[in-house]
(Lines give C-alpha, C1' and ligand atoms only; values in the text may rest on other atoms or scores of the structure.)
Protein backbone atom coordinates (compact mmCIF):
# COMPACT_ATOMS: atom_id res chain seq x y z
CA UNK A 1 0.00 0.00 0.00
CA UNK A 2 1.31 3.46 -0.97
CA UNK A 3 0.11 6.59 0.83
CA UNK A 4 1.15 10.18 0.21
CA UNK A 5 1.55 12.18 3.43
CA UNK A 6 1.81 15.88 2.60
CA UNK A 7 2.43 18.30 5.47
CA UNK A 8 5.01 21.01 6.00
CA UNK A 9 5.59 20.06 9.65
CA UNK A 10 8.14 17.21 10.05
CA UNK A 11 7.06 16.39 13.60
CA UNK A 12 3.46 15.89 12.48
CA UNK A 13 4.53 13.58 9.64
CA UNK A 14 6.62 11.52 12.05
CA UNK A 15 3.63 11.23 14.38
CA UNK A 16 1.27 10.08 11.63
CA UNK A 17 3.50 7.42 10.07
CA UNK A 18 3.12 4.91 12.96
CA UNK A 19 -0.66 5.35 12.69
CA UNK A 20 -0.54 4.50 8.98
CA UNK A 21 1.34 1.30 9.78
CA UNK A 22 -1.78 0.10 11.58
CA UNK A 23 -3.43 -0.06 8.15
CA UNK A 24 -0.71 -2.22 6.64
CA UNK A 25 2.60 -3.22 8.15
CA UNK A 26 4.18 -2.88 4.70
CA UNK A 27 2.71 0.56 3.97
CA UNK A 28 5.01 2.84 1.96
CA UNK A 29 4.66 6.46 3.05
CA UNK A 30 5.62 9.03 0.41
CA UNK A 31 6.33 12.38 2.08
CA UNK A 32 5.76 15.85 0.65
CA UNK A 33 6.38 19.21 2.32
CA UNK A 34 4.31 21.51 0.09
CA UNK A 35 1.80 21.46 -2.76
CA UNK A 36 4.40 21.38 -5.59
CA UNK A 37 6.16 18.34 -4.11
CA UNK A 38 2.78 16.66 -3.50
CA UNK A 39 1.87 17.16 -7.17
CA UNK A 40 5.26 15.86 -8.32
CA UNK A 41 5.10 12.71 -6.18
CA UNK A 42 1.51 12.03 -7.26
CA UNK A 43 2.49 12.30 -10.90
CA UNK A 44 5.27 9.78 -10.31
CA UNK A 45 3.15 7.38 -8.25
CA UNK A 46 -0.25 7.80 -9.90
CA UNK A 47 -1.39 4.34 -8.73
CA UNK A 48 -0.98 5.16 -5.02
CA UNK A 49 -3.82 4.13 -2.75
CA UNK A 50 -4.42 7.38 -0.90
CA UNK A 51 -3.27 10.97 -0.43
CA UNK A 52 -3.35 12.62 3.01
CA UNK A 53 -2.80 16.36 2.65
CA UNK A 54 -2.64 19.32 4.98
CA UNK A 55 -4.99 22.07 3.85
CA UNK A 56 -2.58 24.96 4.33
CA UNK A 57 0.87 24.27 2.89
CA UNK A 58 3.39 26.37 0.97
CA UNK A 59 2.79 26.59 -2.76
CA UNK A 60 -1.01 26.46 -2.54
CA UNK A 61 -3.99 28.38 -1.27
CA UNK A 62 -6.07 26.01 0.81
CA UNK A 63 -9.25 24.97 -1.00
CA UNK A 64 -7.78 25.95 -4.38
CA UNK A 65 -4.82 23.67 -3.77
CA UNK A 66 -7.13 20.76 -2.98
CA UNK A 67 -9.28 21.46 -6.04
CA UNK A 68 -6.18 21.58 -8.24
CA UNK A 69 -5.01 18.23 -6.85
CA UNK A 70 -8.39 16.66 -7.70
CA UNK A 71 -8.25 18.03 -11.24
CA UNK A 72 -4.75 16.68 -11.78
CA UNK A 73 -5.19 13.32 -10.04
CA UNK A 74 -8.87 12.31 -10.06
CA UNK A 75 -8.02 8.64 -9.52
CA UNK A 76 -6.23 9.16 -6.19
CA UNK A 77 -8.56 9.19 -3.14
CA UNK A 78 -7.83 12.32 -1.13
CA UNK A 79 -8.28 13.08 2.56
CA UNK A 80 -7.56 16.50 4.03
CA UNK A 81 -5.84 16.76 7.43
CA UNK A 82 -6.34 20.09 9.15
CA UNK A 83 -5.91 21.67 12.56
CA UNK A 84 -9.15 23.60 12.01
CA UNK A 85 -12.53 21.92 11.99
CA UNK A 86 -14.99 24.65 11.13
CA UNK A 87 -18.14 23.19 9.53
CA UNK A 88 -17.99 25.62 6.59
CA UNK A 89 -14.39 24.67 5.87
CA UNK A 90 -15.21 20.96 6.02
CA UNK A 91 -18.05 21.40 3.55
CA UNK A 92 -15.83 23.44 1.20
CA UNK A 93 -13.15 20.74 1.28
CA UNK A 94 -15.65 18.00 0.42
CA UNK A 95 -17.19 20.16 -2.31
CA UNK A 96 -13.70 20.61 -3.80
CA UNK A 97 -13.49 16.85 -4.29
CA UNK A 98 -11.85 15.50 -1.15
CA UNK A 99 -13.27 12.16 0.03
CA UNK A 100 -12.63 12.93 3.68
CA UNK A 101 -11.71 15.54 6.27
CA UNK A 102 -9.83 14.56 9.44
CA UNK A 103 -9.03 16.92 12.29
CA UNK A 104 -5.41 16.72 13.42
CA UNK A 105 -6.75 16.46 16.96
CA UNK A 106 -8.46 13.13 16.15
CA UNK A 107 -7.49 9.98 18.02
CA UNK A 108 -5.37 7.43 16.08
CA UNK A 109 -8.30 4.98 15.97
CA UNK A 110 -10.49 7.64 14.35
CA UNK A 111 -7.83 8.40 11.75
CA UNK A 112 -7.45 4.71 10.89
CA UNK A 113 -11.21 4.19 10.62
CA UNK A 114 -11.63 7.27 8.43
CA UNK A 115 -8.88 6.13 6.07
CA UNK A 116 -10.35 2.64 5.82
CA UNK A 117 -13.75 4.12 4.99
CA UNK A 118 -12.37 6.31 2.20
CA UNK A 119 -10.24 3.54 0.69
CA UNK A 120 -13.40 1.41 0.61
CA UNK A 121 -15.14 4.12 -1.41
CA UNK A 122 -16.91 6.05 1.33
CA UNK A 123 -16.72 9.68 2.44
CA UNK A 124 -15.68 10.71 5.97
CA UNK A 125 -16.56 13.91 7.78
CA UNK A 126 -16.33 14.66 11.51
CA UNK A 127 -19.45 13.48 13.39
CA UNK A 128 -20.08 16.95 14.84
CA UNK A 129 -20.41 18.25 11.30
CA UNK A 130 -22.78 15.46 10.33
CA UNK A 131 -25.00 16.36 13.28
CA UNK A 132 -25.54 19.84 11.86
CA UNK A 133 -28.15 20.31 9.17
CA UNK A 134 -27.61 23.54 7.26
CA UNK A 135 -30.31 24.72 4.93
CA UNK A 136 -29.87 23.04 1.54
CA UNK A 137 -28.91 25.29 -1.37
CA UNK A 138 -31.57 26.01 -3.98
CA UNK A 139 -31.72 23.34 -6.69
CA UNK A 140 -29.93 24.17 -9.95
CA UNK A 141 -32.08 24.90 -12.99
CA UNK A 142 -33.07 21.82 -14.92
CA UNK A 143 -31.34 21.74 -18.29
CA UNK A 144 -32.35 18.97 -20.71
CA UNK A 145 -29.61 16.75 -22.08
CA UNK A 146 -29.42 16.81 -25.85
CA UNK A 147 -30.08 13.24 -27.03
CA UNK A 148 -27.30 13.24 -29.61
CA UNK A 149 -24.61 15.02 -27.60
CA UNK A 150 -22.16 13.03 -25.42
CA UNK A 151 -21.13 16.31 -23.76
CA UNK A 152 -24.54 17.20 -22.31
CA UNK A 153 -24.70 19.32 -19.15
CA UNK A 154 -24.65 16.47 -16.65
CA UNK A 155 -22.02 14.43 -18.48
CA UNK A 156 -19.81 17.52 -18.66
CA UNK A 157 -19.46 17.24 -14.88
CA UNK A 158 -17.62 13.92 -15.24
CA UNK A 159 -13.88 13.43 -15.65
CA UNK A 160 -12.51 11.37 -18.53
CA UNK A 161 -11.91 8.48 -16.13
CA UNK A 162 -15.50 8.66 -14.87
CA UNK A 163 -16.76 8.64 -18.47
CA UNK A 164 -14.75 5.44 -18.99
CA UNK A 165 -16.44 3.98 -15.93
CA UNK A 166 -19.88 4.85 -17.31
CA UNK A 167 -19.09 3.11 -20.59
CA UNK A 168 -17.98 -0.05 -18.79
CA UNK A 169 -21.01 0.00 -16.49
CA UNK A 170 -23.13 0.11 -19.65
CA UNK A 171 -21.39 -3.08 -20.75
CA UNK A 172 -22.57 -4.78 -17.57
CA UNK A 173 -19.18 -4.91 -15.88
CA UNK A 174 -18.86 -5.22 -12.10
CA UNK A 175 -16.60 -2.91 -10.08
CA UNK A 176 -13.94 -5.62 -10.01
CA UNK A 177 -14.04 -6.05 -13.79
CA UNK A 178 -13.88 -2.28 -14.29
CA UNK A 179 -10.89 -2.10 -11.95
CA UNK A 180 -9.06 -4.78 -13.92
CA UNK A 181 -9.88 -3.13 -17.25
CA UNK A 182 -8.77 0.35 -16.20
CA UNK A 183 -5.89 -0.87 -14.00
CA UNK A 184 -7.35 0.76 -10.87
CA UNK A 185 -8.06 -0.52 -7.40
CA UNK A 186 -11.62 -1.63 -6.72
CA UNK A 187 -11.88 1.05 -4.02
CA UNK A 188 -11.03 3.74 -6.56
CA UNK A 189 -13.70 2.39 -8.91
CA UNK A 190 -16.26 2.62 -6.11
CA UNK A 191 -15.33 6.26 -5.62
CA UNK A 192 -15.85 6.93 -9.33
CA UNK A 193 -19.19 5.11 -9.39
CA UNK A 194 -20.40 7.18 -6.43
CA UNK A 195 -19.29 10.37 -8.19
CA UNK A 196 -21.01 9.28 -11.43
CA UNK A 197 -24.33 8.62 -9.70
CA UNK A 198 -24.15 11.98 -7.95
CA UNK A 199 -23.20 13.92 -11.10
CA UNK A 200 -25.91 12.27 -13.21
CA UNK A 201 -28.48 12.54 -10.41
CA UNK A 202 -29.05 8.80 -10.78
CA UNK A 203 -30.39 6.54 -8.05
CA UNK A 204 -28.51 3.46 -9.32
CA UNK A 205 -26.22 2.14 -12.04
CA UNK A 206 -29.10 1.33 -14.39
CA UNK A 207 -30.46 4.86 -14.23
CA UNK A 208 -26.95 6.25 -14.83
CA UNK A 209 -26.66 4.13 -17.98
CA UNK A 210 -30.04 5.39 -19.23
CA UNK A 211 -28.92 9.01 -18.77
CA UNK A 212 -25.68 8.25 -20.63
CA UNK A 213 -27.56 6.52 -23.44
CA UNK A 214 -29.86 9.49 -23.91
CA UNK A 215 -26.77 11.69 -24.17
CA UNK A 216 -25.30 9.40 -26.83
CA UNK A 217 -22.42 8.16 -24.65
CA UNK A 218 -23.30 4.57 -23.78
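Some notes on this structure:
- Segment 193-218 - residue that is assigned to a helix (DSSP H, G or I), touching a helix residue (DSSP H, G or I) at 6+ places or on another chain (Cβ under 7 Å) and free of Cβ contacts under 8 Å to residues at least 40 places away in the same chain and, of those, surrounded by the most Cβ atoms within 10 Å (Cβ to Cβ): 196
- Residue within segment 166-187 that is outside any helix (DSSP H, G or I), modelled with pLDDT under 85, under 22 Å from residue 214 (Cα atoms) and not assigned by TED's automatic domain parsing to the domain that holds residue 51 present: no
- Taken together, the residues in segment 166-175 that are without any contact (Cβ under 8 Å) to a residue 12 or more places away in the chain and at negative phi amount to 3.
- Summed over segment 53-91, residues that are closer than 14 Å to residue 37 by Cβ and in contact (Cβ under 8 Å) with a residue 40 or more places away in the chain total 4.
- Filter result for the condition that a residue is under 18 Å from the mean Cα position of the chain (by Cα) and under 15 Å from residue 9 (Cβ atoms), over 39, 35: 35
- Tallying residues that are over 15 Å from residue 159 (Cβ atoms) and buried (at least 18 other Cβ atoms within 10 Å of the Cβ) within segment 177-189 yields 3.
- The lone exception for residue 152 - which of (1) in a loop (DSSP other than H, G, I, E, B); (2) at pLDDT 75 or above it fails: (2)
- Counting only strands (runs of 3 or more DSSP E) that fall entirely inside segment 1-110 and contain at least 2 residues that are on the phi < 0 side of the Ramachandran plot and surrounded by fewer than 19 Cβ atoms within 10 Å (Cβ to Cβ), the qualifying elements are 28-32.
- Filtered residue count, segment 114-128, keeping only those that are surrounded by fewer than 16 Cβ atoms within 10 Å (Cβ to Cβ) and under 14 Å from residue 52 (Cβ atoms): 2
A quick yes/no check of all residues on (1) modelled with pLDDT under 90; (2) within 27 Å of residue 199 (Cβ to Cβ):
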{"site": "22", "(1), (2)": "yes, no"}
{"site": "27", "(1), (2)": "yes, no"}
{"site": "33", "(1), (2)": "no, no"}
{"site": "53", "(1), (2)": "no, yes"}
{"site": "63", "(1), (2)": "yes, yes"}
{"site": "83", "(1), (2)": "yes, no"}
{"site": "86", "(1), (2)": "yes, yes"}
{"site": "97", "(1), (2)": "yes, yes"}
{"site": "105", "(1), (2)": "yes, no"}
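The values are calculated or read from the model by the stated rules, or taken from the named source; none is laboratory data. This is a predicted model, so every value here is computed, not measured. FYI the Cβ positions are ideal-geometry reconstructions off the backbone, even for glycines, and counts take in every protein chain you see.
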